[in-house]
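The values are calculated or read from the model by the stated rules, or taken from the named source; none is laboratory data. The model shown is predicted, which means the values in this text are computed figures rather than measured ones. FYI the Cβ positions are ideal-geometry reconstructions off the backbone, even for glycines, and counts take in every protein chain you see.
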């Protein structure tokens with residue numbers, strides 16, 4: 001998902017939410033499976049009640065884990081957006097030194113932040129970038 005520094009979505013790829021929805025079962029689904037298991041069990045070797053409770057506890061734990069991951073994803077996206085918005089107006093040089101400029105906008109993706117300069121250059125925010133409040137003064141002297 002890409003989010004610009006103003007907080008509006010620029011392109012949404014809801015693979016995370018779709019995967020969570022398809023992987024999430026609710027308690028009704030679990031009870032239907034439990035009833036089907038009880039109907040189809042071997043009468044000479046019935047399922048133990050403690051085993052059924054263990055299955056219910058496991059199901060509940062998986063559901064809680066999915067909800068926790070969803071909330072963590074949201075928190076990380078918010079944190080990245082806050083971090084990315086702090087770059088606007090700063091002077092940035094890419095890690096390899098090929099792209100330089102004042103940052104005009106920032107896009108936050110699920111796998112990183114891309115800053116766009118006022119000249120239209122894109123800089124991947126990663127280890128090795130140089131960030132300053134303003135463009136460095138030209139230190140070359142002519143003789």
Practice task
Kindly check whether there is at least one residue in segment 23-33 that is in a loop (DSSP other than H, G, I, E, B), surrounded by fewer than 11 Cβ atoms within 10 Å (Cβ to Cβ) and modelled with pLDDT under 80.
Solution key: yes
Exercise for the section: Go through the residues of segment 49-69 one by one and say whether even a single one is under 23 Å from the mean Cα position of the chain (by Cα), touching a residue at least 12 places away in the same chain (Cβ under 8 Å) and under 30 Å from residue 121 (Cα atoms). Expected result: no
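Name the single residue that is surrounded by the most Cβ atoms within 10 Å (Cβ to Cβ) among those in segment 100-125 being at pLDDT below 90 and part of a strand (DSSP E or B).
Applying the filter and picking the extreme gives 108.
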Problem - Matching entry among 97, 128 (being under 23 Å from the mean Cα position of the chain (by Cα), free of Cβ contacts under 8 Å to residues at least 40 places away in the same chain and in a loop (DSSP other than H, G, I, E, B)) - result: 128
